[in-house]
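The values are calculated or read from the model by the stated rules, or taken from the named source; none is laboratory data. No experiment lies behind these values; they were computed from the predicted model shown. Glycine gets a Cβ as well: all are built from the backbone with ideal geometry, and neighbour counts include every protein chain shown. Surface accessibility is based on the protein's heavy atoms, side chains included, excluding ligands, DNA and RNA. Shrake-Rupley method; radii C 1.70, N 1.55, O 1.52, S 1.80 Å.
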Amino acid sequence: MAKQSNGYTVLQLSLHWLIVLLVFFQLIFGEDMARYNYALRSGEDVAPLMTGYYLHIGVGLVILVLTLLRFGLRLTIGVPASVPGPALRVRAGEALHYLFYLMLIVTPITGLLAQFVDMRTFGGIHSLNKPIFVLLIVLHVAAALYHHFILKDSTLRRMMVPHTF
Ligand code: HEM
Ligand code: HEM
């Protein structure tokens, strides 16, 4: 059970939407990393692929740091309570949020382990992140739209407009 606040702060909203953009970047351009490693193994010229390589690692590490900051804020200042509803729906929503946090932490770590420790073991695990993220995002966005357009509650609005304390 997370600590409860009256609403998300500007910093919490900024972190949510910035991390969304960065994760989309990684999902769209992740193949650059596989291409770099393939070229390296086949003895091809990797110079044109270096920008993609550094961007993937850099953006991945930024996601990790911002996620830890965001989780820290969740523990200290808290998040607003879920909008009331059937217990199963509320719990499923909270579980999905924790799964996102888990993915946002485990994915960069398996990426680092794949690149610098053991590609055979961790490369496969890291590549699984794409379908898992896509599934979670589809469920999450569907839930946000369902709250906004069908239930007509404040769930999506409060993720757009900061709470003033
Ligand atoms: C949340 C952060 C990250 C996301 C969402 C992400 C996403 C992706 C995606 C979608 C791919 C393509 C997978 C495929 O081939 O199907 C990929 C590949 C790869 N990523 Fe990441 N990545 C992240 C962080 C990192 C970090 C920090 C590293 C550190 C070096 C890294 C290293 C790699 C490597 C080595 C590959 C190629 C794996 C292979 O060839 O099998 N990733 N990543
Ligand atoms: C990579 C994509 C995304 C990730 C990783 C993500 C992650 C999260 C997480 C972890 C939370 C829990 C709140 C917290 O603990 O701070 C959350 C809440 C929320 N997200 Fe996302 N999100 C993503 C994309 C989106 C998109 C595209 C939308 C809009 C359609 C959206 C709408 C919301 C809403 C409305 C909440 C508030 C739920 C509530 O207050 O009960 N998210 N998101």
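In Å², what does the accessible area per residue of the chain work out to with a 1.4 Å probe?
62
Quick check: the angle from helix 50-76's long axis to the longest principal axis of the chain, C-alpha only, nearest 10 degrees?
Approximately 30 degrees, to the nearest 10.
Can you work out D for segment 80-165 in µm² s⁻¹ from Stokes-Einstein, where Rh is the Kirkwood radius over C-alpha pairs, the temperature is 4 °C and the viscosity is 1.567 mPa s?
87
What number does segment 65-126 give for Rg over Rh if you use C-alpha atoms and the Kirkwood radius?
Reported Rg/Rh, Kirkwood definition of Rh: 1.15.
Helix 87-116: angle to the longest alpha-carbon principal axis of the chain, degrees 0 to 90, nearest 10?
It works out to around 20 degrees.
Compare V62, V79, V10 by solvent-accessible area with a 1.4 Å probe and give them largest first, with all protein chains kept in place.
V10, V62, V79
Largest first, how would K130, K3, K152 line up by accessible area (1.4 Å probe)?
Largest accessible area first, the residues go K152, K3, K130.
Quick one: accessible surface of R74, probe radius 1.4 Å, all protein chains present, in square angstrom to the nearest 10.
Estimated to the nearest 10 Å², R74 gives 20 Å².
Residue farthest toward the positive end of the dipole of the chain, with Cβ of Lys/Arg at +1 and Asp/Glu at -1: which of A143, S5, I63?
S5
Using only Cα atoms, tell me the angle between helix 31-41 and the longest principal axis of the chain; keep it within 0 to 90° and round to the nearest 10.
Tilt of helix 31-41: around 20 degrees.
Rank these residues by their accessible area, most exposed first, probe 1.4 Å: T110, T76. It would help to have the intermediate numbers written out before the result.
Details: T110 15, T76 85 Å².
From most accessible down to least: T76, T110.
Kirkwood hydrodynamic radius for segment 4-158: how many Å is it when counted over pairs of different Cα atoms? Display every interim value, and only then the final one.
Details: mean 1/r = 0.0579 Å⁻¹.
After inverting the mean inverse Cα-Cα distance, the result is 17.3 Å.
Just how many % of Cα pairs in segment 21-107 lie over 21 Å apart, if you round to the nearest whole percent? Show your work: numbers first, answer last.
Numbers: 1835 of 3741 pairs.
Tail of P(r) above 21 Å: 49 percent of Cα pairs.
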